[in-house]
Amino acid sequence: MIALGAIGLAMVYSIAEVPNFAHGDLLMMGAYTALLINTPGAVPLLDNLAEGAQEPTTAGLAVLFVLGTGATLGMFYALGGGEALRGSWWPVDAPDAVAVVVHLLAAAVVGVVSSLGATSFLAAMVFSGVVLAALAPIQERYVFRKFRQRDVSLAMMLVVSLAVAFVLRFGVQTIFGGTTRSYEIQSTVEVFGAEIKVAIVKFIDVYVSSSGVLVQITDPAEDVMLFNNLWSWPVFAVVLLASLAVGYAGYRYRLGTRAILGPYLLGTILALATFFAGALVLGASVSAPESALVDSRVRLSVLRLFIILLAIGMMGALHAALRATKLGKAMRATSDNRDLAQVRGINVDQVTMGVWVIAGLYAGIGGTALGFLFGALTITLGFFLLLPMFAAVILGGITIYGALLGSYVVGLSMEVGLFATGLDATYRVPMAFVVLILVLIAKPEGLTG
Amino acid sequence: MAVVSDVIISLGVLATFYGLLALGMNIKYGFTGLLDFGHVGFYLVGAYTAALLVIEPDAGGPDTVYVVGLDLPWIVAVLVATVLAGVVGVFVALPTLRLREDYLAITVLGIAAIFQRIVQAESWLVNGPDALRGYTPPLIDLFPVTGGSPVGAAVMAVAGGAIWAGSTWALGRAMELEFDAGTGPGVTVAGRLHAVVTFGTDRLIGFENYRGGALVAGAIAAVVGGVLSFAAQDGFLAWAVVVSVFTWLVAFVWLTRYSSGFDAVDYLTTFALGAAYMGALAPMFFLETFQLWVPLTGLAFAVVIGVTVYLYSNWQRFAARPFGYGLFTGLWFGFIWYIPLQILSDVAAANWPSVASSIFGNVVWVLSLSGDVPEIGYPRFKLFLFGTLLLVALYLSELTIDSPFGRVLRAIRNDERVVNSLGKDPFMYKIMSMAIGSALAGLAGALAAMHFQVLVFTMFAPRVTFIALLMLFLGGVGNNRAMVVGAFLFWAFQTATTQLSGFVAPGLRENIQAFRFVVMGVLFLLLLYYRPQGLMGERAAAEAGSE
């Protein structure tokens, strides 16, 4: 979860050279923006256009449509002005007209989704993503770029971003007041006629015993066994070996080429796919063993699973964008060396704007997901996320891929540290910092250097 | 009758200990270049240490739990809190100082967050998420004091004498500057006034030695004030009036120095601007409907700000003296609020006695006249106490900064390698800078504990660091005196907006309170962009370097 925020932060840090203290508040803003879709009745000004907490009137829907469409166009515009609207950032060359039409269509789709899909989780996410993606570049355009042109020191940039964070946080508070808000979460979603309870946790139990590895998924609310599979040790070993072999084959196949699917990524994906496929085919159903060497239980709801998948998907999308598009290439170049990139004819200002667009998009989506996970929205939500995010980014050595790694290290260490020391959950954020401080003292350049 | 001098007094109290906080920040960032985002952590350490030292031992009550209560006198508590915060500062600095500046800032921010979380989570330590309360500030039983009693006489003697000495010193300084400009003694307003307030001793001691003269005058004033106050309540009142009027006169003398070159046009323009800013707020006072006054006030402010900016860029008089114009516009604004606005409704009702008592009460700021009897209440004593501490800290910081040690600190800020090549270890100096800065934050924390009488972990949010930074940049980076100015400006803004939110429907008050932070953030950004050295800037390098 930290990862979604950390990616944006890392991109801004490495490419725009802003250690952005406002990023946590950007997430917070994303979470509050989603309120517009989810519970329009609870939003000041918009509540005049709503009949109930979740029943906007036609006028309210029109407002949402306009906001959604406008924000989408704004987002594309921020990618590179009028040029971008004509498709300059696309990976493929397309006639201007096509690009414009596609952009307009996309904007209209977002607008329709925001208004017609109102109150649904996905629509809220999309809406909040595009709104933030349109808002974040404004910060860059009117604040950070001005200061960068003055050549201020990094410390000064920190102070500036702190001030921006203040403006954002209290701006939201001015509009929404200081009270805690919460989303209306539908507990069931109909998919193809079948009702799925999204908010209810499922138990995933893993037992490791002398007879093999057993995985059970149960629904505690209805006490139904959803999935039950045992792998005896030989089978488990075969599956494991097969996946490693397939993974290595994939690695060799791609070795030496630089593409969206690099050798490591392809290898990993193939290995995982083989592992799950093999596991599904070769498993056998039994009941839970009496004695197990290791047993662990993971609580997971469909909602959480969805968010995790979404995060992975978005990381994949970012990876593809960085590797395949011209803009992504320019971003990587700017991240490596800003001056050199400029000398080579890259419009670094434009690239930086693009970075902010992506950071805003991810912050919007991440913030919404966060709001759904926590259930309650507070103004300080972002700030307490900011600290672990920074920890993750610094751990990763201020690179985008490093930030991913850092996020997992920080997230894990927060949980493991709490569990190991038996401390109160209040110490979750400090735990991230203890890790950060230890790493900084031992290896100040970060994990990936 | 509306006496608002009490508001000014409470503003002053807040400004004094926040000034100390900013002073600590200045030592760290302004002089040494260490961006300490965890400044609030030391403030927290100081506050809780002081509170735990003075609080009575835990009686085992169910509502308040804390680890230890030592029931020590405040003076010990304040000292220990200061020293302990400094020591904590050293321990925080040891691992973190070797990091790059942005890492340093984030790491210390994290440490401050950890401190806050410890206070919140460990309920045995200082009552956990609930407030720590149950201790009383020093000498509070004696107050309020009135004339005709030994305590009242003593308070008047000490406070009156000190104010007198301070004002006389300020007057002497103004006089000295006039001498430098070529006038003789006793010719100018300042000179004549000085002769009066030193009770004629200035001729005995000599005009050059105005510092000694101020002390003598203060001592005489202390005796006079003490005797008068002991004799009768009327004497107490009379002497308070004299002291208050004297301070106003000194303020006027200094103002005329700042306004040198001002003529009627300038005064009128600044007055008009100040009045315009006040007038822009009028819709807020008079209109009830929120949909009506919000756009109207916004529009009015846009117009006034637009006019100000236009004048600044297009009018020779303004552009030549932006500082004087800004100062006087602000002063007029404050003045309009302080006197005319408070008597407005009484004048309209032709209630003249009330008008007179309002003006009197606001002018005689030394006494609180809101009660039945004129008295010196605890807030005024607190202001006096904190103000004295602030001045002492300020003096000591100035000494530190002007010493060779301070010069090394500034050299570290400018270029660390130079210091290194001159054979001094920057690391040790940085540690010491952190210790001093943190100790000042601890002192501020102890005073805050004294002031609020209740401590909750939310009071130590990272916001405090931001406020300290704002004061730092507002006043001037690397300028100790400017910290006090910055603190006063910040709290003046806060007080003004608090007063304003009193006119707003209660449901919106929270939004207004949040909105003022937005305004503050925007102003801060503008300040950072257009005047990164702060309003006053660093004290002229030549002045500091020639010593």
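Filter segment A:365-385 for residues that are among the hydroxyl-bearing types (S, T, Y) and touching a strand residue (DSSP E or B) at 6+ places or on another chain (Cβ under 9 Å) and give the result. Once the filter is applied, which keeps residues that are among the hydroxyl-bearing types (S, T, Y) and touching a strand residue (DSSP E or B) at 6+ places or on another chain (Cβ under 9 Å), segment A:365-385 yields only A:T378. Pull up segment A:388-407, narrow it to residues that are without any contact (Cβ under 8 Å) to a residue 60 or more places away in the chain and within 12 Å of chain B (Cβ to nearest Cβ), then point me to the one that is surrounded by the most Cβ atoms within 10 Å (Cβ to Cβ). Filtering segment A:388-407 for residues that are without any contact (Cβ under 8 Å) to a residue 60 or more places away in the chain and within 12 Å of chain B (Cβ to nearest Cβ), the one surrounded by the most Cβ atoms within 10 Å (Cβ to Cβ) comes out as A:A391. For B:P73, the criteria (1) closer than 21 Å to B:L21 by Cα; (2) in contact (Cβ under 8 Å) with a residue 60 or more places away in the chain; (3) surrounded by fewer than 24 Cβ atoms within 10 Å (Cβ to Cβ); (4) out of contact with any Phe, Trp or Tyr (no Cβ under 7 Å at 6 or more places or on another chain) hold in every case but one, which is (1).
When B:G537, B:G486 are screened for being outside any helix (DSSP H, G or I) and under 19 Å from the mean Cα position of the chain (by Cα), only B:G537 passes. From the list B:F271, B:F318, the one residue that fits, being touching a Phe, Trp or Tyr at 6+ places or on another chain (Cβ under 7 Å), in a helix (DSSP H, G or I) and surrounded by fewer than 18 Cβ atoms within 10 Å (Cβ to Cβ), is B:F271. Pairing each residue of segment B:16-31 that is within 13 Å of B:L391 (Cα to Cα) with any residue that is charged (D, E, K, R), provided the two are 6+ apart or on different chains, yields no C-beta distance under 6 Å.
Of all residues being at pLDDT below 75 and assigned to a helix (DSSP H, G or I) in segment A:14-37, which is surrounded by the fewest Cβ atoms within 10 Å (Cβ to Cβ)? Just the residue, please. Selected residue: A:S14. Entry remark, segment A:231-254: residues being at pLDDT 70 or above and over 11 Å from A:A271 (Cβ atoms) number 9 in total. Only one of the numbered conditions (1) more than 13 Å from chain A (Cβ to nearest Cβ); (2) in a helix (DSSP H, G or I) is violated by B:Q513, and that is (1). Within segment A:101-112, is even one residue within 14 Å of another protein chain (Cβ to nearest Cβ), surrounded by 17 or more Cβ atoms within 10 Å (Cβ to Cβ) and in a helix (DSSP H, G or I)? No - not one qualifying residue is present in segment A:101-112. Among the listed residues B:L99, B:L104, which satisfies the condition of being touching a Lys or Arg at 6+ places or on another chain (Cβ under 9 Å), within 14 Å of chain A (Cβ to nearest Cβ) and under 30 Å from A:L154 (Cβ atoms)? After applying the criteria, what remains is B:L104.
Inspect all residues belonging to segment A:312-333 and state whether any of them is modelled with pLDDT of 75 or more, crowded, with 18+ Cβ neighbours inside 10 Å and farther than 30 Å from A:Q350 by Cα. No, the conditions are met nowhere in segment A:312-333. Of the residues making up segment B:261-278, those that are touching a residue at least 24 places away in the same chain (Cβ under 8 Å) and of a type in the set (G, A, S) are B:G261, B:G274, B:A275, B:A276.
Each row is one residue, and each column tells you yes or no for (1) among the charged types (D, E, K, R); (2) touching a helix residue (DSSP H, G or I) at 6+ places or on another chain (Cβ under 9 Å); (3) at pLDDT below 85.
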{"residue": "B:L500", "(1), (2), (3)": "no, yes, yes"}
{"residue": "B:R509", "(1), (2), (3)": "yes, yes, yes"}
{"residue": "B:A514", "(1), (2), (3)": "no, yes, yes"}
{"residue": "B:F517", "(1), (2), (3)": "no, yes, no"}
{"residue": "B:M520", "(1), (2), (3)": "no, yes, no"}
{"residue": "B:L525", "(1), (2), (3)": "no, yes, no"}
{"residue": "B:R531", "(1), (2), (3)": "yes, yes, yes"}
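Among the conditions (1) among the aromatic types (F, W, Y); (2) within 14 Å of another protein chain (Cβ to nearest Cβ); (3) more than 30 Å from B:L53 (Cα to Cα), B:F179 misses just one, which is (2).
Within segment B:477-495, is even one residue of a type outside the set (D, E), facing chain A (nearest Cβ under 8 Å), in contact with a helix residue (DSSP H, G or I) (Cβ under 8 Å, 6 or more places away or on another chain) and touching a residue at least 12 places away in the same chain (Cβ under 8 Å)?
no
Somewhere in segment B:129-149, is a residue of a type outside the set (V, I, T), touching a residue at least 24 places away in the same chain (Cβ under 8 Å), surrounded by fewer than 18 Cβ atoms within 10 Å (Cβ to Cβ) and in a helix (DSSP H, G or I)? No: zero hits.
Kindly evaluate B:G213 against the criterion of being in the same structural domain as B:G152 (by TED's automatic domain parsing), surrounded by 19 or more Cβ atoms within 10 Å (Cβ to Cβ) and farther than 20 Å from B:V366 by Cα. It is true that B:G213 is in the same structural domain as B:G152 (by TED's automatic domain parsing), surrounded by 19 or more Cβ atoms within 10 Å (Cβ to Cβ) and farther than 20 Å from B:V366 by Cα.
The values are calculated or read from the model by the stated rules, or taken from the named source; none is laboratory data. Just so you know, these numbers come straight off a predicted model, no measurement behind them. Cβ atoms come from the backbone with ideal geometry, glycine included; neighbour counts cover every protein chain shown.
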